[in-house]
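Below is one structure; the comments refer to it alone.
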Amino acid sequence: MNKTTTKAPKQAKTTASSRPTQTRFAMADPALMGTSLFRPLQRGSRNSRMVEINTEHRGRRLRIVSAYMLGADDLSMFLAILGLAGLLGKRLDTSRDSHLADVLNGLDVRWSDGAGEEDFAAAVEQALGDTFLRLTTTTYELIREAGLADAGDAYHRCLDVLQRLRGVYYIDFGPEGTNARQALSGPRQNLIGFGASEGDGGRLRIILNSRFAGAILGSQFSRIDLTEARQLGEVARILHTRLSVWIRPGASWQAAVDTMARWVYGDEAPTDAAKRKRRSAIRKALAEIGALSGWQCFEDKARAVVRVARPQAGRNMLQQMLPIDPF
């Protein structure tokens, strides 16, 4: 059998740092981004197991399922997609057959139990009432906005990340008191859908699901500063995203170091040694975040409790808290 290899489109050799980014913020759905969907990964752990997260947001029950473990590189790429969609995204009109087909096929819209035609019709009806965005961009623009180097196999790495993001879907079980059919299953949508072309500079068409499209268009959103995120290491970037969802400018939040570790890693440390290692990683991440101009991080080491604040300009929200030690 002949082996066929896929060639990446030709591109001038550059690095991410030599090409200015255009996105400053990403508008994100707080329900999904406020979970442990993205986690620090050890080499070889990405394919170890499926991830399933059950959460509730403003009275709606959601289940998020990922076929892969998602890491900081996946998070950076997804935030870049959200940032670019806020600038360049086109709202899809699902009353048009071509746009509805993009949504249904790209996001694998269906009723989550896949029971039959009646359930598919219900999912289509749900999609007709939702909002979706389509982003047209290139793999290289996406890599640049994610702050990643575009040398070597960047094209294929980008497609790998997009495949993993497409492998995430959520099920909306609706609010309390929802009808029995939806309470047992619910409409299902993938996180994104995409199509890639090797020609034309690695052109991409990405469909964003209704929750993130709604966030970008202003329904319910958390604003994540991408200029900050690009300055951070992997653990700090993941924690920064979670804190950006939980803490709005002018507010503060207090939690134990071990609680923050569970947020970031998604589970309890299996051993005492692992717990100590995670605490160290969280403290280092907090030091990185605290060095940003819009954040303050302090720890009461006697209680192993951290307070994180996003002060208004010229205001030190934490200066009255004693005893505290800045990172």
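The values are calculated or read from the model by the stated rules, or taken from the named source; none is laboratory data. Quick caveat: nothing in here was measured; it's all calculated off a predicted structure. So basically every Cβ, Gly included, is an ideal-geometry build from the backbone, and we count neighbours across all protein chains shown.
Of all the criteria given as (1) farther than 24 Å from PHE212 by Cβ; (2) assigned to a loop (DSSP other than H, G, I, E, B), the one not satisfied by PRO249 is (1).
Can you pull out the residues in the range 281-299 that are farther than 20 Å from VAL264 by Cα and either assigned to a strand (DSSP E or B) or in contact (Cβ under 8 Å) with a residue 40 or more places away in the chain (or both)?
Going residue by residue through the range 281-299, those that are farther than 20 Å from VAL264 by Cα are 293-294.
The one that is farther than 20 Å from VAL264 by Cα and either assigned to a strand (DSSP E or B) or in contact (Cβ under 8 Å) with a residue 40 or more places away in the chain (or both): GLY294.
The single condition among (1) part of a loop (DSSP other than H, G, I, E, B); (2) under 14 Å from the mean Cα position of the chain (by Cα) that GLU268 does not satisfy is (2). Of all residue pairs spaced 6 or more apart or on separate chains, those with beta-carbon atoms under 6 Å, a first member in the range 220-241 that is on the phi < 0 side of the Ramachandran plot and a second member that is outside any loop (DSSP other than H, G, I, E, B) and of a type in the set (Asp, Glu) are LEU232/GLU288; ALA236/GLU288.
Checked against (1) assigned to a helix (DSSP H, G or I); (2) within 22 Å of the chain's Cα centre (by Cα); (3) without any contact (Cβ under 8 Å) to a residue 60 or more places away in the chain; (4) surrounded by fewer than 19 Cβ atoms within 10 Å (Cβ to Cβ), ALA274 meets all criteria but (2).
As a summary of the residue check, ALA261 satisfies the conditions (1) in a helix (DSSP H, G or I); (2) touching a Pro at 6+ places or on another chain (Cβ under 8 Å); (3) among the small types (Gly, Ala, Ser) except for the one numbered (2).
Scanning the range 26-67 for residues that are more than 16 Å from ARG242 (Cβ to Cβ), under 14 Å from the mean Cα position of the chain (by Cα) and surrounded by fewer than 20 Cβ atoms within 10 Å (Cβ to Cβ) gives a single hit, VAL65. Among the residues of the range 124-156, those that are part of a strand (DSSP E or B) and hydrophobic (A, V, I, L, M, F, W, C) comprise LEU133, LEU135.
For the range 230-250, the condition of being out of contact with any His (no Cβ under 8 Å at 6 or more places or on another chain), surrounded by fewer than 16 Cβ atoms within 10 Å (Cβ to Cβ) and of a type in the set (Ser, Thr, Tyr) holds for none of the residues.
With respect to ALA255, determine if the residue is among the small types (Gly, Ala, Ser), farther than 25 Å from VAL168 by Cβ and in a strand (DSSP E or B).
Details: among the small types (Gly, Ala, Ser): yes; farther than 25 Å from VAL168 by Cβ: yes; in a strand (DSSP E or B): yes.
Taking the combined requirement at face value, the residue satisfies it.
Table: residues versus (1) under 28 Å from ALA149 (Cα atoms); (2) at pLDDT 90 or above; (3) not polar (S, T, N, Q); (4) not assigned by TED's automatic domain parsing to the domain that holds GLN163.
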position: ASP74; (1), (2), (3), (4): yes, yes, yes, no
position: LEU79; (1), (2), (3), (4): yes, yes, yes, no
position: THR94; (1), (2), (3), (4): no, no, no, no
position: ASN105; (1), (2), (3), (4): no, no, no, no
position: TRP111; (1), (2), (3), (4): no, no, yes, no
position: GLY116; (1), (2), (3), (4): no, no, yes, no
position: GLN126; (1), (2), (3), (4): no, no, no, no
position: GLY129; (1), (2), (3), (4): no, no, yes, no
